[in-house]
Amino acid sequence: MKRNAIIPLLAAMLLAVICGPAPAAEPPALCVPAEVKLDVQPPALTIGTFYSGQSARLVGELEEGQEVALELKGPSENASFDLKGKVGPFWMNRGLVQVENAPTLYILLLPAQTPPEAELESLGLGMTHLKGGVKVVSPGQDPEQIFAKFLEFKKASGLYQQRSGAVTYAPAGQGRRAFYADFDFPSSLAAGQCQVVATVFENGAVLGRLEKTYVVEDGPFLALVKGLALDRALLFGVLCVLIALVTGAVMGVVFKGGKGGH
Amino acid sequence: MSWYIYLPIAHQSVFLPLVLGSGFVVGLLSGLFGVGGGFLMTPLLIMIGIPPTVAAASDSNQIVAASASGTYAHYRLGNVDFKMGLYLLAGGVIGGTGGVQLIKLLRQAGDADFVIQITYVVMLGVVGGYMLVESLQSLKASNAPAPAAPAPAKESAYSRLLGSLPFQTNFDKSGIVLSPAVPLFLGALVGILAAIMGVGGGFIMVPVMVYLLRMPMHVVVGTSLFQVLFTCVDVTIMQAWSNHTVDFILALILLLGSTIGAQVGARLSSKLKADQLKVLLACVVVLVMVKMLVSLLLTPSSLLSIHGGH
């Protein structure tokens, strides 16, 4: 019985492979400026067993003279953090803060002529703008400061990025020009449904936004492990212990050398 | 093939040789000294970016393998006192359960984390410092020429107290006679401390066995591993069930490294003198204390850290 339960999981681990790309999601259009196009390459991302980040490219086309800023937003989450503070000479956890409704991932790719931070905010872009949709619960602490620390924390993990000069334009032809922007998905990415947003602007005014859904999903093996861990937690815990015991025992037998038993 | 592997519960990609190597080093310490290694591995995992809750739970899972492997290796060498281990384990379960309730009360009362961390540093300092001085003196004495006629040792008050307790029982493997109340009581005490400090307690249990139960060092290591094994089985199942924080892939990589390390450690341990083992363990304990003290004094890179874990 125990062996029956372990073998499929062990077999799945040994056979774990990075799976192929999943079909792209249907792009819903929001306030689309005329003739603006946007695509993501690859069209979807699968997190395989050996995933360690992934290069991707956003490509599109817009009218000459227009500028574009590209955003990639992960699903929103609520997260709890310990806030450190000084007690005498020691750094200690001084309280619990919660950051609610913040995207798990935020990548902002801007053209070379990046608008200043204040203008970015008026365009509805940037990390400062994110603050509007995020709720910070921090009893006795300034939420503004906590949000700034939260941004530092996310930037350090690579989950929040803002890059100027990331959008490159091709020479214009027939009143139109193509654009592209390369970026890397961070290695600490979780599966979920992301939004890719192209904000088209000219002379500091937003002309419109084009939004697409981008799917990040777990490969079959990771999905199996995660499914077991979340949906059959007790069985998963027992399996983890059994596999650890078997591995420990096997290693004991493998190493059984010159020293005999007693 | 990539040298990186993705952890589905930690949502993090890690460099495979680094995690494998960390597992080996901690397994080596485990086999050598009979400690679980959680006090070392969990901070290491947090340093490489694993969320604290996942690091602590997955570490418990890998300790199951390392301690099973180490216990088996020590059993073959005749170094496990199962009888003593069971008494200590029973005490540990009672103490651990009480300790969990105590920590709840402490947290309700105020800034318990401060008290816990300072207690941790002081305890590590006292235990490590005492072990280091005592074992160095002992090593020096063993290297000096033996006196012609050793003076008869005077029985201490502690020895008289141990001898006066009821239900004196023979622990053959350790070669001592004791009341079972002693390992039960000391096991409970370590259980309380382990629950408060959020670690398995192996590094407290080992000095307790050596200095308070007066067990031979080689039997201490095997018996401690036997006890750690059961503690971590319980923790792994509870963490997986209640918190969903056991990352099996992380644990699997760690345990591949640690089981090999534990076997190497067990062999090394049988080749070293008891005093040499004690000096090495004391150095590890003092190093951990210094590391903790430094982390408390230096300004952290980020003032926010994911809630949970040790």
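Observations on the structure shown:
- Number of Lys-Lys pairs in the stretch A:24-217 with C-alpha atoms under 20 Å apart and a separation of 8 or more places or on different chains: 19.
- Point-charge dipole on Cβ atoms (K/R +1, D/E -1) for chain B, about Cα centre, debye to 20: 600
- Calculated FRET efficiency, B:Leu16 to A:Thr213, Cβ-Cβ distance, R0 = 35 Å: about 0.60 to the nearest 0.05.
- Between the stretch B:37-98 and the stretch A:107-163, the Cα center-to-center distance that results, in Å: 42
- Within the stretch B:56-94: backbone nitrogen closer than 19 Å to the B:Asp172 label point (7 Å, Cα to C-beta): B:74-88
- Residue-wise HN-Hα couplings along the stretch B:172-187, as the Karplus relation 6.51 cos²θ - 1.76 cosθ + 1.60 with θ = phi - 60° gives them from phi, are 4, 4, 8, x, 10, 10, 8, 7, x, 4, 5, x, 5, 5, 5, x Hz; Gly and Pro carry x.
- Kirkwood Rh in Å, taken over the stretch A:56-155 so that all alpha-carbon pairs contribute: 15.7
- Here the stretch A:24-217 is assigned +1 on the Cβ of each Lys and Arg and -1 on the Cβ of each Asp and Glu. Its dipole about the Cα centre then comes out at about 600 debye.
- Cα convex hull of the stretch A:24-217 - mean projected area over all directions, nm²: 12.7
- Peptide B:76-87 shows a mean partner chain C-beta count of 1 within 10 Å per residue C-beta.
- Exposure proxy ranking, count of Cβ atoms within 10 Å, fewest first, for B:Cys283, B:Cys232: B:Cys283, B:Cys232
- The share of alpha-carbon pairs in the stretch A:145-187 lying farther apart than 16 Å comes to 56%.
- Put in order of Cβ neighbour count within 10 Å, fewest first, the listed residues A:Arg163, A:Arg177 become A:Arg163, A:Arg177.
- Fraction in percent of alpha-carbon pairs per bin - 20 Å, chain B: 32, 58, 10, 0
- Other protein chain Cβ atoms within 10 Å, averaged over every residue that makes up A:87-99: 4
- Pairs of Cα atoms nearer than 8 Å and 6+ residues apart set the relative contact order; for chain B it is 42 percent.
- For the pair A:Ser157 and B:Leu298, label points projected 7 Å from Cα toward Cβ lie 2.2 nm apart.
- Cβ neighbours within 10 Å from other chains - mean over A:230-242: 6
- Anchor B:Lys140: aspartates and glutamates whose Cα lies under 17 Å away (excluding residues fewer than 8 positions away in-chain): B:Asp275
- The alpha-carbon of B:Lys278 sits under 18 angstrom from the alpha-carbons of these aspartates and glutamates, leaving out residues fewer than 8 places away in its chain: B:Glu134.
- Label zone of A:Tyr169 (point 7 Å out along Cα→Cβ, amide N under 20 Å): in the stretch A:37-71 this covers A:37-39, A:58-71.
None of the figures in this text is laboratory data; all of them are computed from the coordinates on show. Please read all numbers here as calculations on a predicted model, not as lab measurements. Methodologically, a virtual Cβ is constructed for each residue, glycine included, from the backbone with ideal geometry; neighbour enumeration extends over all protein chains shown.
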